[in-house]
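A short worksheet on the structure shown next.
A short reminder: the numbers here are calculations on the coordinates, not readings from a lab. For clarity, every value in this text was computed on a predicted model and none was experimentally measured. For neighbour counting, all protein chains shown are included, and Cβ atoms are generated from backbone atoms with ideal geometry for every residue, glycine included.
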Amino acid sequence: MYILMVELRGRPERLEELEPALRSLAAAARAEPGIACYAVQRRADRPDTFLLCEWYRDEAAWEAHMALAPVREALGRFDALLAEPPGITRCDPVALACRPA
């Protein structure tokens, strides 16, 4: 597994654009065979901050994801939508307890 935790802090005046862009990325991720999970959450205590949990089969699947046109387009808009660069943390799984909702 290739797991990333990503923190995105949006510009307050651009949040109405950032959230739909993130929803669109998650919707597109459903069709990618190399993605095990792609979840977008909004911090309850900081509504300008989104947390993404991205689980890929392997690093090659992440690279394939990053090469897709919708992803490149979204990343190209991040400079205008984000208040600061994304915080990206690479994680190794320790214990999993997942099941479909």
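When the gyration tensor of the chain is built from Cα positions, what are the square roots of 5 times its three eigenvalues, in whole Å, from largest to smallest?
Numbers: eigenvalues 99, 53, 31 Å².
For the chain, the semi-axes come out at 22, 16, 12 Å.
Taking the convex hull of the Cα atoms, report for the stretch 1-45 its projected area averaged over all directions, in nm².
Values: hull surface 15.0 nm².
The number I arrive at for the stretch 1-45 is 3.7 nm².
Extension gain residue 42-residue 17, at 0.36 nm per residue separation less the Cα-Cα distance, in nm?
7.6 nm
Rounded to the nearest 0.05, what FRET efficiency is calculated for residue 24 and residue 97 with R0 set to 35 Å and r the Cβ-Cβ distance?
With R0 = 35 Å, the Cβ-Cβ based efficiency is 0.75.
Taking the Cα centre of the chain as origin, sum charge times position over the Cβ atoms of Lys and Arg (+1) and Asp and Glu (-1), and report the length of that vector in debye to the nearest 20.
Details: 13 positive and 16 negative charges, 52 e Å.
Dipole about the Cα centre, nearest 20: 260 debye.
Once the Cα atoms of helix 15-29 and of the chain are each reduced to a long axis, what angle between those two axes, in degrees from 0 to 90 to the nearest 10, is obtained?
Tilt of helix 15-29: around 20 degrees.
Out of every Cα-Cα pair in the stretch 15-69, what percent are more than 12 Å apart?
Looking at the stretch 15-69, the distances longer than 12 Å represent 67 percent of pairs.
Under 4 °C and 1.567 mPa s, how fast does the stretch 59-101 diffuse according to Stokes-Einstein, given a Kirkwood radius computed over C-alpha pairs? Answer in µm²/s, whole number.
It diffuses with D of about 98 µm²/s by this estimate.
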